[in-house]
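A quick write-up on the structure given underneath.
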Amino acid sequence: IDQNSNWRYEGSGLNLSNAWRFPGYDDSGWSNGAALFGLEDFGIYQWPLLTPLALRTVNNAPIITYYFRTHFTLEDPAVPTSLVVEGYIDDGAVWYLNGREALRLRIPGNAPADGVANTALASSGSEGVASYVFLPLTNAVAGDNVLAVEVHQSSANSSDVVFGMALYSITSLTNGPVLSIPAQTPNGTSVTLEGISGRNYAVDVSTNFINWVPAISWTNFTGSAEYLDPVPASSGNRFYRGRLVQ
């Protein structure tokens, strides 16, 4: 799913309970638009707001919850190691995969997400900053999958709302390298790569999961090596991947 993909959406302020999130739900009467959706000051987000959303109903009541639906295809749900959401969410959201709750962002875990269209549940995040969260494959199926998202305001007086996301699949390859969880050190961020001796490996760095820059490479690998990234963690998102160099 790309950041500017089309979604079916419902933002009238109605309480849709829970039927809307299931694959068999008829959303043909919903509006159709391209992300990002919302209402926000110009320049806060790196992606343009292509589809406007209202903050109040036709009766001037605050709209607390917005609903979105789309489809994506998996040839074999057993192949990806995981799915990663790159979301621009103001304020919080709940994701459903084929009808089952998959993850929450800035929504309390003990809060019932269904039937709460008139309840402000979300806490506020950093405006304009992407959130990266893992979407479990537990309820994924081969073929067509329905992804449904409800976006909540943090309060009835909220002056903005934003929704947009990209979905990436991560797949582990046979004989590929293993990269340790990044660790903070006084001199930067340390990651350790483990692989098969005699092969050639590299570590790449990204700030957005899309554009990857080679950071270091090894020839005739000896089994384990450390890469120290001198860029401090306080500079923003930093992601690392190990790569087998053919």
> Say each of Glu75 and Arg56 gets a label point 7 Å from the Cα, pointing the same way as Cα to Cβ; how far apart are those two points in nm?
Replying inline: 5.2 nm
> Whole-Hz Karplus ³J(HN,Hα) for the stretch 129-138, in order, using 6.51 cos²θ - 1.76 cosθ + 1.60 and θ = phi - 60°, x for Gly and Pro?
Replying inline: 9, 6, 9, 10, 9, 8, 9, x, 8, 3
>> Can you give me the distance in nm between label points at Phe22 and Phe239, each placed 7 Å from the Cα along the Cα-to-Cβ direction?
In response: 3.4 nm
>> Suppose accessible area is computed on protein heavy atoms with a 1.4 Å probe; arrange Trp218, Trp95 from highest to lowest.
In response: Trp218, Trp95
> Extent of the chain along each principal axis, from alpha carbon coordinates, in Å, largest to smallest?
Replying inline: 69, 40, 33
> What's the extension gain from Tyr132 to Val178 if we count 0.36 nm per residue and subtract their Cα-Cα distance?
Replying inline: 14.5 nm
>> Quick check for you: with a 1.4 Å probe and neighbouring chains kept, what is the accessible area per residue of the stretch 129-231, in Å²?
In response: 49 Å²
>> Bin width 5 Å, origin at 0, all Cα-Cα pairs of the stretch 154-233: what percent of pairs per bin?
In response: 3, 11, 18, 19, 15, 11, 6, 6, 4, 3, 2, 1, 0
> What shape does the stretch 1-126 take by its C-alpha gyration tensor, where a ≥ b ≥ c are the square roots of the eigenvalues and a/c under 1.5 counts as rounded, a/b above b/c as prolate, and the rest as oblate?
Replying inline: rounded
> Which percent of Cα pairs goes in each bin when the distances of the stretch 130-195 are cut into 5 angstrom slices starting at zero?
Replying inline: 3, 9, 13, 15, 15, 13, 13, 11, 6, 2, 1
> In nanometres, what is the gap between the two model label sites at Trp47 and Ser124, each 7 Å from Cα along Cα-to-Cβ?
Replying inline: 2.3 nm
> With every protein chain present, what accessible area does Arg56 have (1.4 Å probe, heavy atoms only), rounded to the nearest 10 Å²?
Replying inline: 110 Å²
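The values are calculated or read from the model by the stated rules, or taken from the named source; none is laboratory data. A quick note: this is a predicted structure, and the numbers were derived from the prediction, not measured. Cβ: placed from backbone, ideal geometry, glycine included. Neighbour counts: every protein chain shown. To get the accessible areas, we keep the full protein, side chains included, count just its heavy atoms, and leave off ligands, DNA and RNA. Shrake-Rupley method; radii C 1.70, N 1.55, O 1.52, S 1.80 Å.
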